[in-house]
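Structure incoming, see below.
Derivation of every value follows stated rules applied to the coordinates shown; laboratory data play no part. Since we're looking at a predicted model, the values are computed, not measured. Cβ: placed from backbone, ideal geometry, glycine included. Neighbour counts: every protein chain shown.
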Amino acid sequence: MRRPPKRPEGRPPTRGPAGPPGRGRLPRPDAEPARRPEPVEAAPEPPRPGAGAGSGAYWIYGQHAVLGALSNPRRKPRRLLTTAEAEAALRERFAGPWRVTPERSDRSRFGTFLPEDAIHQGIALLAEPLEAVALEDAIEAGEGPVLLLDQVTDPRNVGAVLRSAAAFGAACVVLQDRHAPPETGALARAASGTLDVVPVVREVNLSRAIATLQNAGFWVMGLAGDAKRTLAEAAPRDRRVALVLGAEDTGLRRLQRETCDELVRLPMAEGVESLNVAAAAAVALYEIVRR
């Protein structure tokens, strides 16, 4: 039996044509280089209606929020998308002037540019944010109390506070420039149209805003559960009032507590430590205006 010839040392093994390429198989000098598969492009996203219409433009959705924005001459609308039913309902409640022409849209289209959980009721308005309002101008234009929110960051709470402020005739709501939600569709929806009714003032330093109100003759009271007197006992009858409310979990911060003229509390049953900030604002405003 003949043995196979020995392979010379240093020579790589070879395979037949059926062997896998690139493993022990040398390419031919005249062979064409292997072509890489072309990447498959992803399907383009649906166009966002009105995207880029303004540097800060955002979508306001829901019947009440859109109606409030259209009724506000300070608001700059860009586009208005509605279903047939929503447009008919809007025309029954809004006489004009129409500063933007409604565009008919299917309900399925709203999901391409609104949050998944947005309750839009078949109507959405692309609009610019409202221009900033100075605190001095707001208290001069309105005669009611002033609300100041100390690091309240939930847009739903801020929206609910705006609804109470509108219901009880507050002159304005003061928010911090940083530790507060920006003007968004979620905030406008929670405010149910009152974002365009109650002036929103944004201040970098809340303590400085309190000092401005004190210099203007306001009696500034901070709501705190450990205060000695109730709001009903402390609220003056001969001067305007400003109320400072803190976040539900942390309450008023030290600097705000020290800057207020007085700390007051709402009378509550034993076992209840605090109210939601929006509920506390509604109760406190009612107590002030009923006097």
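For the stretch 135-289, compute Rg over Rh where Rg is the Cα radius of gyration and Rh is the Kirkwood radius from the inverse mean 1/r over Cα pairs.
My calculation puts Rg/Rh at 0.92.
Okay, next question. Can you tell me which of 67-80, 107-120 comes out highest on packing, and rank the rest after it, using the mean Cβ neighbours within 10 Å?
Details: 67-80: 18.0, 107-120: 13.6.
The packing order, highest mean first, is 67-80, 107-120.
So how strong a dipole does the stretch 58-127 carry about its Cα centre when Lys and Arg Cβ are +1 and Asp and Glu Cβ are -1, to the nearest 20 debye?
Values: 11 positive and 7 negative charges, 90 e Å.
Around 440 debye, computed over the stretch 58-127.
By the scheme Lys and Arg +1, Asp and Glu -1, what is the net charge of all other residues having a beta-carbon under 12 Å from that of THR82?
Net charge around THR82: +1.
Next question. Can you check what the net charge comes to around ARG99, using other residues whose Cβ is under 15 Å from the Cβ of ARG99 (Lys, Arg +1; Asp, Glu -1)?
Combined, the nearby Lys, Arg, Asp and Glu give +3.
Could you order peptides 246-259, 154-167 by the average number of other Cβ atoms within 10 Å of their residues, highest first?
Values: 246-259: 16.0, 154-167: 21.5.
Going by the mean number of other Cβ atoms within 10 Å, highest first, we get 154-167, 246-259.
I want the local charge near ALA235. Using Cβ-Cβ distances under 14 Å, sum +1 for each Lys or Arg and -1 for each Asp or Glu among the other residues. Numbers along the way, then the final one.
On the way: positive: ARG229, ARG237, ARG239, ARG240, ARG265, ARG290, ARG291; negative: GLU233, ASP238, ASP261, GLU262, GLU287.
Local net charge: +2.
Give me the dipole magnitude in Debye, nearest 20, for the stretch 131-247 about the Cα centre, with unit charges on the beta carbon: positive for Lys and Arg, negative for Asp and Glu.
Dipole magnitude for the stretch 131-247 comes out near 360 debye.
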